[in-house]
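A quick write-up on the structure given underneath.
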Amino acid sequence: MAPGKVRLAEGGALVVGGGLLRLFGGDLELGWFDAHPLGVVLMVVGGVQLLEGAWRLRRGRESA
């Protein structure tokens, strides 16, 4: 699979997973992490990956 498409898939999964943690995590604690802030961080990282994947596809850097 091309690198741009992989970034889009990873970014989408992180945004969805982060959103679910943020919405339904409430008082859930994952080790020493609270689910709510961790969900926000995952959504931001996923958004960056979505932008990078779209940029790679747009610029035609599939072979790089």
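The values are calculated or read from the model by the stated rules, or taken from the named source; none is laboratory data. No experiment lies behind these values; they were computed from the predicted model shown. Cβ atoms come from the backbone with ideal geometry, glycine included; neighbour counts cover every protein chain shown. These area figures cover heavy atoms from the full protein model, side chains too; ligands, DNA and RNA do not enter into them. Shrake-Rupley method; radii C 1.70, N 1.55, O 1.52, S 1.80 Å.
Residues in the range 16-30 that are of a type in the set (A, V, I, L, M, F, W, C) and open to solvent by 50 Å² or more (accessible area, probe 1.4 Å): V16, L20, L23, F24, L28, L30. Evaluation of G26 against the conditions (1) touching a Leu at 6+ places or on another chain (Cβ under 9 Å); (2) not hydrophobic (A, V, I, L, M, F, W, C); (3) not in a helix (DSSP H, G or I) shows that the sole unmet condition is (1). Condition check for G31 on (1) within 17 Å of the chain's Cα centre (by Cα); (2) over 17 Å from P3 (Cα atoms); (3) of a type outside the set (A, V, I, L, M): one failure, at (1). Scanning the range 31-58 for residues that are open to solvent by 70 Å² or more (accessible area, probe 1.4 Å) and not in a helix (DSSP H, G or I), we see that the one that is farthest from V16 (Cα to Cα) is W32.
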